[in-house]
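Okay, so here's the structure we're looking at.
Nothing in this text is a laboratory measurement; each read-out follows from the coordinates by a stated rule. This one's a predicted model, so the numbers in the text were calculated from it and none came from an experiment. Reconstructed Cβ throughout: ideal geometry from the backbone, glycine too, with neighbour counts over all protein chains shown.
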Amino acid sequence: MALLEVSGVSKRFGGVHAVNGVSFRVEKGMIKALIGPNGAGKTTLFNLVTGYFSPDAGEIRFAGRPLQGAPPHRVAARGISRTFQHIRLFPGMSALENVMVGRHLRGRAGFLAGMLHVRSARREEARDRERAGELLDFMGIAALAGSEATSLSYGQQRAVELARALASDPEMVLLDEPAAGLNMRETADLARRIASIRERGVTVLLVEHDMSLVMGISDEVAVLSYGEKIADADPRSVQKDPQVVRVYLGDEEC
Amino acid sequence: MRLARYRPVALFLAAAVALELLAVHGGKGFLLTQLTMSAYYTLVVLGLSLLMGYAGQISLGHAAFFAIGGYASAALTTWDLSAWGGTGLVKALVAAGALAARRDAYGGPVLAFHPWLACACAVALALLVAWLVGIPVLKLTGHYLAMATLGVGTIILSVAVGTEALGAADGISGVPPFPLLFGAAVGGSAAERVVNYYVAFGLLALGLLLLSNLVDSRVGRALRAIHGAEDAAGAMGVDTGRLKLRTFVLSAGMAAVAGVFLTHFNGGIGPSEASIMKSVKYVSIVAVGGMGSLWGTLATSLVLNFLSLRGYFGSFDDAVFGGILILIMLFSPDGVLSPRLWRAARAAVLRPRPAEAPAAGDAPAAGDAPEDVR
């Protein structure tokens, strides 16, 4: 059984079919990429899976149970974490605190426990702080833990976002263009990190423009064009698919 | 490490003691009255600061929650139930110790709810109203939320003015002192001025301690996350709607507690406490103190409320707070204590004005270039 199963999902905005009857599956432990030209519906599909939009038609199942209609925080609670195409860090908070917000689901302390600073809340806090520090270390930015997150460089902000997404110990992470704005060296680092995220047992679904990244690390690649899926296979076959070549490079005749 | 956390609150209490000694030994003991009142208003403002600065929600109706607390406690402690003394319900209440017999200002016997019970009911009522109002209203954002909370404030004000049992335009007077431990009471007698000052500042310090703990906790981080990037907070599993509602209820509860205490301190409450201008005043103080800065809000609130209560702004009191709000929004939306404003002010003072800057011809040699060129 696939971990994530998207079947016949459609989403319309006014007259535009942003996503039209798209189906795909992500097996547990896999790195799967969604690619396609701008406006192909990749981010819309992400937003449908993570509860930011609800589909007009179709079904989304995660670990065998329906997911569509659940608001973002419930989707997160089911074990799906995400990053954003346009970095969405929390301003006015340090990198460490940003990642600690990612631990929210793993904590229990409520208003009263927080106000009274009770022992269980203190213990939880210490544990979350430690875990957040480990993740910053994993992303290679441990030294920046105390810096205000939004004042970091673009690449560092991406790293904080990824650490934050991993902080909830998710089953699956959705990465929306994680290499956007990164230089070649940073992209290569990112590829290694995504591979080691998978080694930790986290399934990865990513939307990406950077072909070298996608083809290098993905087990499967699904290609979207104008809201429809035109290919879905291993990277090598997708690269040879005539329809994909046409969409990406245009007809040779013209 | 653990103690360092409580240092700011301890310093605040020490400052409060110093202020009291200064006022009493300087022969200005009467100032304690306005300082006490200003501490209670600051409690309202702190709660609002949590809501506005941390959860990112505005409320233009917070005076309503203060008034609900004050009015409910005033009504329950002044409605005389002696006429129903024979009924089973009143007898049961007396037996349960819920009612207290006393004499009013003219020596007549009064049988009314005990202030402790009245206080509990008043705060519970405010929490309930905030919760009921908050469920639909907090689905709104930005100026829609401001409008809706303004509407809530208007309703509570007109209920206060229009209800005979609540004294209509006159409000409720003759509210008894609120007995605390060791014979002390929250009330207006000059003999208890110092005690009341410490009760108010102690309550304020407690509020400050609880809120500063909260801000630095799991919930506090989630609130700041909502304020900073609500959609991303949702993706982290933060139930944004629920946290906003709880924060709203908490801040309404703080306003209600302040309302109860100040009403017993003053011996009464009038509809002006529920007025829209009061709500605007609270909002403008939070704005001056800086959104998301409990300490900044504390300082500005104590000062501004004290000046206002001492009548320094005369008949232009509302105008002063309206003006402050405009100036803050125009020039320093982060408040007067924001680092950005201070940096800008320092730069304006330290940097020579363009007119005084050296002309291009006599620019310094490359060797002694000014710092900011390098």
Simple spin-label estimate for A:Ser212 and A:Glu228 in nanometres, 7 Å along Cα-Cβ: 3.4
If each of A:Asn183 and A:Glu134 carries a label point 7 Å out from its Cα toward its Cβ, how far apart are those two points in nm? 3.2
Cβ-placed point charges (K, R +1; D, E -1), dipole of segment A:3-149 about Cα centre in debye, nearest 20: 400
Take A:Thr150, A:Thr44 and order them by how many other Cβ atoms sit within 10 Å, fewest up front. A:Thr150, A:Thr44
Among B:Tyr41, B:Tyr71, B:Tyr198, determine the one that fluctuates most according to a GNM of chain B built with springs between C-alpha atoms less than 10 Å apart. B:Tyr198
Post the alpha-carbon centroid distance, segment B:11-50 to segment B:94-157, in whole angstrom. 25
What are the residues whose amide H is under 5 Å from the amide H of A:Arg82, where those residues sit 5 or more places off or on another chain and H is modelled from the backbone? A:Leu174
Quote the charge dipole size of chain B about the Cα centre in Debye, to the nearest 20; the model charges only the Cβ of Lys and Arg (+1) and of Asp and Glu (-1). 720
Pop a pseudo-label 7 angstrom from the Cα along the beta-carbon direction at both A:Ala126 and B:Ala83 and give the gap in nm to one decimal. 6.3
Pop out the ³J(HN,Hα) list for segment B:125-138 in order, Karplus 6.51 cos²θ - 1.76 cosθ + 1.60 with θ = phi - 60°, rounded to Hz; leave Gly and Pro as x. 4, 4, 5, 5, 4, 4, 5, 4, 6, x, 4, x, 5, 6
Pairs from A:Lys42/A:Lys229; A:Lys11/A:Lys42; A:Lys11/B:Lys244; A:Lys32/A:Lys240; B:Lys139/B:Lys278 whose Cα-Cα separation, in the structure shown, is over 22 Å: A:Lys11/B:Lys244; B:Lys139/B:Lys278
Which values, in whole Å and largest first, are the semi-axes of the equivalent ellipsoid of segment B:103-254 obtained as the square root of 5 times each eigenvalue of the Cα gyration tensor? 37, 22, 12
Looking at segment B:102-151, which chymotrypsin sites (Phe, Trp or Tyr not before Pro) are in a loop (DSSP not H, G, I, E or B) and have at most 12 other Cβ atoms within 10 Å? B:Tyr106
Of B:Ala112, B:Ala168, B:Ala74, which has the largest mean-square fluctuation in a 10 Å C-alpha GNM of chain B? B:Ala168
Using Cα atoms only, what is the angle between the long axis of helix B:142-162 and the major principal axis of chain B, expressed in degrees (0 to 90) to the nearest 10? 30
So what are the ³J(HN,Hα) numbers for segment B:315-325, from phi and the Karplus equation (6.51, -1.76, 1.60; θ = phi - 60°), rounded to whole Hz, Gly and Pro as x? 6, 9, 3, 4, 4, 4, 5, x, x, 4, 4
Using alpha-carbon positions, what is the distance between the centroids of segment B:56-82 and segment A:107-143, in Å? 38
Applying the Karplus parametrisation 6.51 cos²θ - 1.76 cosθ + 1.60 with θ = phi - 60° to the phi angles of segment B:8-16, what ³J(HN,Hα) value in whole Hz is obtained for each residue in order, glycine and proline being reported as x? x, 5, 5, 4, 4, 5, 4, 5, 5
In segment A:64-164, what trypsin sites (Lys or Arg not before Pro) fall in a loop by DSSP, with at most 12 other Cβ atoms inside 10 Å? A:Arg108
A student applying the Cα gyration tensor rule (rounded when a/c is under 1.5; otherwise prolate if a/b is larger than b/c, oblate if not) would label the protein assembly as shown prolate
What are the residues whose amide H is under 5 Å from the amide H of A:Leu224, where those residues sit 5 or more places off or on another chain and H is modelled from the backbone? A:Ile35, A:Gly36, A:Ile230
Measuring from the longest principal axis of the C-alpha atoms of chain B, the long axis of helix B:240-266 (C-alpha) lies at a number of degrees, nearest 10, equal to 60
Tell me the angle of helix B:218-228 to the major Cα principal axis of chain B, expressed in degrees between 0 and 90 and rounded to the nearest ten. 60
For the protein assembly as shown, share of DSSP beta bridges that run antiparallel, in % to the nearest 5: 65
Looking only at B:Ser272, B:Ser315, B:Ser217, which one moves most when chain B is put into a Gaussian network model with springs between Cα atoms under 10 Å? B:Ser315
Take A:Asp176, A:Asp56 and order them by how many other Cβ atoms sit within 10 Å, fewest up front. A:Asp56, A:Asp176
For chain A, what is the percent of antiparallel DSSP beta bridges, rounded to the nearest 5? 55
Which of rounded, prolate or oblate describes chain B when judged by the alpha-carbon gyration tensor and an a/c cut-off of 1.5? prolate
Rounded, prolate or oblate: pick one for chain A, where a ≥ b ≥ c are the square roots of the eigenvalues of its C-alpha gyration tensor, a/c under 1.5 means rounded, and failing that, prolate if a/b is larger than b/c, else oblate. prolate
